[in-house]
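Reviewing the structure listed below.
The values are calculated or read from the model by the stated rules, or taken from the named source; none is laboratory data. The structure presented is a predicted model; accordingly, all values stated were derived computationally and were not measured. Note that each Cβ is placed from the backbone with ideal geometry, even for glycine, and that neighbours are counted across all protein chains shown.
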Amino acid sequence: MLTEERHEYILTQLKKYGLVKSQELMQHLDCSESTIRRDLALLEDAGELSRIHGGAKKVYQLDKELSISEKSSINVQEKKEIAKLASLFIEENDTIYLDAGTTTLYLIPYLKNKHVQVVTNGIQHAVLLADQQTKTILLGGNIKSKTKAIIGTTTISQLENYRFNKCFLGINGIDNEFGYTTPDIEEAAVKKQAHLHSSKTFILADKTKFNKVSFVKVCELEDAIIVTQGLDSTAYKSYFSKTTIKEAAK
């Protein structure tokens, strides 16, 4: 087998499982221990992995957080399809939590003329919901200028008193090992509190959020239903084995 083919296999396994063992690579690739050591060393030098005793683990790079205006221009059609699918899980008389974020923003038009109550920490979300006369509670607290989200101890305190049929969260990273993560400690705390007080949690995420890890963990992979669109078959199988995935038609 060519070096490039071995490297491709190793990286595919890392992407899928987060960890590879040298002995298993030797058996599958039918090569010597010295060959695997050399392959792992080359891939480590290229920044693709980190060697550990008996194998290697995936390298996680923490992405910087984008502003809401920067996010709003990325994968717009995909986010709209995800929001449309997510709306199908909302029933009459539901009380839902709607997280600040660009994908959850596209969910709002589907709530028009529905008998639902919405609690949100998104300033833009609250304005749009009020404009279409959807019954809405905007949480109090500190305004995070970059994402226009309400965060902080006041927000958490309010959420402690509420219970939801469903909550719909945006997220920055989805990973098989680390679950759902986001860059900001305070935003993560709000998302986690909403999740804990909901009968069901839906994560609205486009394909760019998969196999990524941000700074703060919100919850485990199996704790929420993923609503997405456009996953490749390998990613789908990898995550489907651990949680429920609802995928919009491509």
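Can we say I137 is under 20 Å from T201 (Cα atoms), of a type outside the set (K, R) and in contact with a Phe, Trp or Tyr (Cβ under 9 Å, 6 or more places away or on another chain)?
Values: under 20 Å from T201 (Cα atoms): yes; of a type outside the set (K, R): yes; in contact with a Phe, Trp or Tyr (Cβ under 9 Å, 6 or more places away or on another chain): yes.
Considered against the rule, which asks whether it is under 20 Å from T201 (Cα atoms), of a type outside the set (K, R) and in contact with a Phe, Trp or Tyr (Cβ under 9 Å, 6 or more places away or on another chain), I137 comes out as yes.
Would it be correct to say that L88 is at pLDDT 95 or above, surrounded by fewer than 17 Cβ atoms within 10 Å (Cβ to Cβ) and closer than 26 Å to K207 by Cα? So that I can check it myself, show each step before the final result.
On the way: at pLDDT 95 or above: yes; surrounded by fewer than 17 Cβ atoms within 10 Å (Cβ to Cβ): yes; closer than 26 Å to K207 by Cα: yes.
When the stated conditions are applied, L88 passes them.
Which members of the stretch 7-52 meet the condition of being more than 27 Å from K242 (Cβ to Cβ) and of a type in the set (K, R)?
R37, R38, listed by residue number.
Determine which member of the set K212, K246, K237, K242 is under 10 Å from the mean Cα position of the chain (by Cα) and among the charged types (D, E, K, R).
On the way: K246 fails: under 10 Å from the mean Cα position of the chain (by Cα); K237 fails: under 10 Å from the mean Cα position of the chain (by Cα); K242 fails: under 10 Å from the mean Cα position of the chain (by Cα).
Unique residue meeting the criteria: K212.
Mind checking whether some residue in the stretch 125-136 is of a type in the set (A, V, I, L, M, F, W, C), part of a strand (DSSP E or B) and surrounded by fewer than 18 Cβ atoms within 10 Å (Cβ to Cβ)? Let's see the steps before the verdict.
Our first condition is that a residue be of a type in the set (A, V, I, L, M, F, W, C); within the stretch 125-136, this holds for 126-130.
From what's left, part of a strand (DSSP E or B): none.
No, every residue in the stretch 125-136 fails to be of a type in the set (A, V, I, L, M, F, W, C), part of a strand (DSSP E or B) and surrounded by fewer than 18 Cβ atoms within 10 Å (Cβ to Cβ).
Scan F178, F168, F202, F164 and give me the residue that is among the hydrophobic types (A, V, I, L, M, F, W, C), at pLDDT below 95 and either within 13 Å of G101 (Cα to Cα) or touching a strand residue (DSSP E or B) at 6+ places or on another chain (Cβ under 7 Å) (or both).
Values: F168 fails: at pLDDT below 95; F202 fails: at pLDDT below 95; F164 fails: at pLDDT below 95.
F178 is the lone residue from the list that is among the hydrophobic types (A, V, I, L, M, F, W, C), at pLDDT below 95 and either within 13 Å of G101 (Cα to Cα) or touching a strand residue (DSSP E or B) at 6+ places or on another chain (Cβ under 7 Å) (or both).
List every residue pair whose Cβ atoms sit under 7 Å apart, with the two residues 6 or more apart in sequence or on different chains, where the first one lies in the stretch 142-160 and is farther than 15 Å from A188 by Cβ and the second, anywhere, is β-branched (V, I, T) and surrounded by 20 or more Cβ atoms within 10 Å (Cβ to Cβ).
I143/I150
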